[in-house]
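Notes for the one structure printed next.
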Amino acid sequence: MSHLFKVRALAAAAAGISVAMLAATPAHATVYSLAQIDYSGLGITFGNASATTVTSFNYGVTASATLNGSSSISQPACGGTGSFGAGLSTTCSGVNPVLASGAVNAPGSTSLRTGTLNFTALGSDATNNFSNANAAIITDAIVQGNPTSTSQIAESLLNTLPSAQANTDINSTTALNITFNSTGTNSVTLGFNAKPNQNIQISGATISNANVLSSITAVFTLSDANGHTLANWSPFTGNTSGADCTLTALGTTDGITCAVGAEGTSLNNTLQSPANPTNEPAGGALGAYAVTFAGLSTTTYSVGLDSTSVTNIRQTIPEPGSLALVGLALAGAGFAARRKQKSA
């Protein structure tokens, strides 16, 4: 094969590559993440107590969503003193929901979550890009006299954009002045039902260039009158030995004990690539949870909850302009070589 023929072949091939790159749609993956927790029937019971008074309570919910660097956030809060039927003074709503972020959608989302109490997953598809969040304290024992229930959801989907994140947080702190009888076991027991729901998915041509994370956390705390933490409980799957209920040094000194009574599906869990399969199925069973803090004295204690759900997804998408420049450079190189051959 002559040198001139080789140069012409190179030029033709380069021109063909350039046209193909200009016409091609950049390859991308479908990347999806869901993180959700629902709580119901949350209540506090007291062992050996002769009187209990709610001295103060503070609630906060946060929902934020980001898509390709643009964000939206909602962070309402409320609180008060006293309790339902006992001199209640509060900035929280007496009707459902007690406190809610409302649906939060990141700017640029092509599928939207709507409604104050919409916690249904939008799900994955091969077209849309979105990121959304919603969180609410729906009912509350202190404000309404009903068992406390909450819901929170974070959800993100990418098809043609590079990044999305969503986050929710529900936190509450309730200060209780408890008078115990002189004999017996002085205790506080937290009990509730919960249903976690997580899902991660990656599919498409650039699966190796995509990352996905779904995370949920839940921590229940017992603190003293000065706000010092005495014990933390972070429920994990099937662990009834109390290993996930830990005492601080001050809690140990004060003689506090912690006993886990029931734990369903883990409320502290992370799914992510590549540690988990690229398509991790959604779902989580409704389970019962309970913990008892004992060894208490007649004084004021605070019981707290901090529950989060987080999604974080990313993918690398080739820029159409970059592909075109590469193709044009190849074509130019071939053309230059051909001119050089002619002039020789």
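The values are calculated or read from the model by the stated rules, or taken from the named source; none is laboratory data. Given the structure is predicted, the values throughout are model-derived calculations rather than measurements. Cβ sites come from the backbone with ideal geometry, for glycine too, and all protein chains shown count toward neighbours.
Observations on the model:
- Of the set (1) more than 23 Å from W233 (Cα to Cα); (2) part of a loop (DSSP other than H, G, I, E, B), all apply to S131 but (2).
- For T179: the one exception among (1) crowded, with 18+ Cβ neighbours inside 10 Å; (2) among the β-branched types (V, I, T); (3) assigned to a strand (DSSP E or B): (1)
- Contact annotation: residue pairs with Cβ atoms under 7 Å, 6 or more positions apart or on different chains, pairing a residue in segment 275-293 that is farther than 17 Å from I37 by Cα with a partner that is assigned to a loop (DSSP other than H, G, I, E, B), are F293/I256.
- Lone qualifier among S214, S208, S203 - being assigned to a helix (DSSP H, G or I) and either within 19 Å of P147 (Cα to Cα) or not β-branched (V, I, T) (or both): S208
- Against the conditions (1) farther than 30 Å from N128 by Cα; (2) in contact with a strand residue (DSSP E or B) (Cβ under 6 Å, 6 or more places away or on another chain), N226 satisfies every one except (2).
- Among the residues of segment 150-163, none qualifies, meaning not one is surrounded by fewer than 17 Cβ atoms within 10 Å (Cβ to Cβ), out of contact with any helix residue (DSSP H, G or I) (no Cβ under 6 Å at 6 or more places or on another chain) and under 27 Å from Y289 (Cβ atoms).
- Filtering segment 178-199 to residues that are modelled with pLDDT under 95 and among the β-branched types (V, I, T) leaves T183, T185.
- I178 more than 23 Å from A136 (Cα to Cα), touching a strand residue (DSSP E or B) at 6+ places or on another chain (Cβ under 9 Å) and aliphatic (A, V, I, L, M): yes
- Given (1) closer than 28 Å to T229 by Cα; (2) in contact with a His (Cβ under 8 Å, 6 or more places away or on another chain), number of the condition I170 does not satisfy: (2)
- Candidates S297, S214 - the one that is more than 29 Å from A154 (Cα to Cα) and out of contact with any Pro (no Cβ under 7 Å at 6 or more places or on another chain): S297
- Restricted to strands (runs of 3 or more DSSP E) entirely inside segment 26-123, those with at least 3 residues that are within 22 Å of the chain's Cα centre (by Cα), crowded, with 21+ Cβ neighbours inside 10 Å and of a type outside the set (D, E) are 29-47, 49-67.
- Filter result for S101 (in contact with a Ser or Thr (Cβ under 6 Å, 6 or more places away or on another chain) and farther than 15 Å from S64 by Cα): no
- In segment 261-291, residue farthest from the chain's Cα centre (by Cα) [restricted to those that are among the hydrophobic types (A, V, I, L, M, F, W, C) and at pLDDT below 90]: A262
- Out of T185, T173, one residue alone is closer than 28 Å to T45 by Cβ, in contact with a strand residue (DSSP E or B) (Cβ under 7 Å, 6 or more places away or on another chain), among the β-branched types (V, I, T) and part of a strand (DSSP E or B). It is T173.
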